[in-house]
1. When you go through G47, G30, G4 one by one, which is the residue that is in a loop (DSSP other than H, G, I, E, B), on the phi > 0 side of the Ramachandran plot and at pLDDT below 90?
2. I need the full set of residues from region 78-98 which are within 12 Å of the chain's Cα centre (by Cα) and either within 15 Å of K31 (Cβ to Cβ) or not acidic (D, E) (or both), in order please.
3. Of the conditions (1) modelled with pLDDT under 95; (2) closer than 17 Å to R33 by Cβ; (3) of a type in the set (D, E, K, R), R67 satisfies every one except a single condition; which number is it?
4. How many of the residues making up region 90-113 are exposed (fewer than 15 other Cβ atoms within 10 Å of the Cβ) and more than 15 Å from L18 (Cα to Cα)?
Amino acid sequence: MTSGKSEKFTIEQGRCYLVDMNPPRKSKPGKVRPVVVIQTSDTLKSGSPGAVIVPLTTQLQEENILRTRLKISPNLSIQKHSDVLIDQIHTVDRAFFIEDLGFLEPSDFKKIQRGVSFLLGLKE
């Protein structure tokens, strides 16, 4: 069951959303922040109350397999260049999704998929 917040838009893989990640706990990033949905759209459509995401941060570090840089683009409504924190995979209840921020370039989403595969020890 989801709240009215997320019913305003469809949650899809490869899209960026503004999500309420509060409260922060230990290494879990908190506050309202952009995230990228990595869960497949088919499993999202099956009615699961949560969505698997990776959060973004504007605290940029050197890009590597677990940190992919997203740049401001016409398709993506983020205010600053941001890093995707691939090693911070979370499942977030759909009720905490606030706004659809647009879609990632396919090449950027491929980098995230490679990072997730590396993190989980999956073969490509």
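1. On the way: G30 fails: on the phi > 0 side of the Ramachandran plot; G4 fails: on the phi > 0 side of the Ramachandran plot.
Being in a loop (DSSP other than H, G, I, E, B), on the phi > 0 side of the Ramachandran plot and at pLDDT below 90 holds for just one of G47, G30, G4, which is G47.
2. Within region 78-98, the subset within 12 Å of the chain's Cα centre (by Cα) is 82-92, 97.
Answer for region 78-98, where residues must be within 12 Å of the chain's Cα centre (by Cα) and either within 15 Å of K31 (Cβ to Cβ) or not acidic (D, E) (or both): S82, V84, L85, I86, Q88, I89, H90, T91, V92, F97.
3. Against the list (1) modelled with pLDDT under 95; (2) closer than 17 Å to R33 by Cβ; (3) of a type in the set (D, E, K, R), R67 comes up short only on (1).
4. Total meeting the criteria: 4.
The values are calculated or read from the model by the stated rules, or taken from the named source; none is laboratory data. Because the structure is a prediction, the values reported are computed rather than measured. Note that we place each Cβ from the backbone using ideal geometry, even for glycine, and neighbour counts take in every protein chain shown.
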